[in-house]
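J.: Below is the structure I would like to discuss, written out as structure tokens.
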Amino acid sequence: MIEDDFSYLPVSLRAFLKAAGFSGSVRSVKKIKCHANVLTAVGITGDKVGFLTLTMDQENAVTLSRRFANLMEIPIASEELDDSHLEALAELTNQIAGRVVMFMEENKTNCSITPPSIMSGGDISFSLNTMKVHRIYKITLKNSYFYVSVGIK
């Protein structure tokens, strides 16, 4: 794999969406354009070191977590963002990161992921400027959207 070739990222994201039963699009973007109320993250360790995050506003967090929980046959009744929504989003992040790492392995890059961390609140922001390589993708589904960021040191 070429050092900074991240061409497997959108491929792995599309593969995850298809396997999870989501229909949607994956588009590379320059920056996150939403009022971020929820951020989930996993660390990437091994041949490459960095992180993968999911970022979304509160409305999309509720919609996405309920839809993902339903796919896992663990429906969430609450319409308000609570711990059950955050746990579903953590698992979604874990599964997306797992798929990305699987594609990294297929490209001869040996990596693992850490357990997911979750932050929710007002206006959450983070910087990718310290990362040697970073990519941001907007995932647009039928009734929601979110951003996936990957940064490698």
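J.: Using packing as a proxy for protection, rank 86-97, 67-78, 103-114, 42-53 so that the peptide with the highest average count of other Cβ atoms within 10 Å comes first.
T.: Result, highest mean first: 86-97, 42-53, 103-114, 67-78.
J.: In terms of Cα to Cα distance under 19 Å, which aspartates and glutamates are near enough to residue 142, apart from those fewer than 8 places away along the same chain?
T.: 57, 59, 79
J.: Averaged per residue, what accessible area in Å² does the chain show with a 1.4 Å probe, protein chains only?
T.: 51 Å²
J.: Amide H of residue 76 versus every other amide H placed in the peptide plane: which residues, excluding those fewer than 5 positions away on the same chain, fall under 5 Å?
T.: 70
J.: Taking only the alpha-carbon atoms of the stretch 52-140, what semi-axes of the equivalent ellipsoid follow from 5 times the gyration tensor eigenvalues under a square root, in whole Å, largest first?
T.: 25, 17, 10
J.: Give me the mean projected area, in nm² to one decimal, of the convex hull enclosing the Cα positions of the chain.
T.: Mean projected area of the Cα convex hull: 8.3 nm².
J.: For the chain, which whole-number percentage of the solvent-accessible area (1.4 Å probe, protein heavy atoms only) is attributable to carbon and sulfur atoms?
T.: 49 percent
J.: A follow-up question, please. Provide the gained length on full extension for the span residue 79 to residue 117, in nm with one decimal, where the gain is 0.36 nm per separating residue minus the Cα-Cα distance.
T.: Value of the extension gain: 11.5 nm.
The values are calculated or read from the model by the stated rules, or taken from the named source; none is laboratory data. Because the structure is a prediction, the values reported are computed rather than measured. As a convention, Cβ positions derive from the backbone with ideal geometry for all residues, glycine included, and neighbour counts pool all protein chains shown. Heads up: the accessible areas ignore ligands, DNA and RNA and are worked out on the full protein's heavy atoms, side chains in. Shrake-Rupley method; radii C 1.70, N 1.55, O 1.52, S 1.80 Å.
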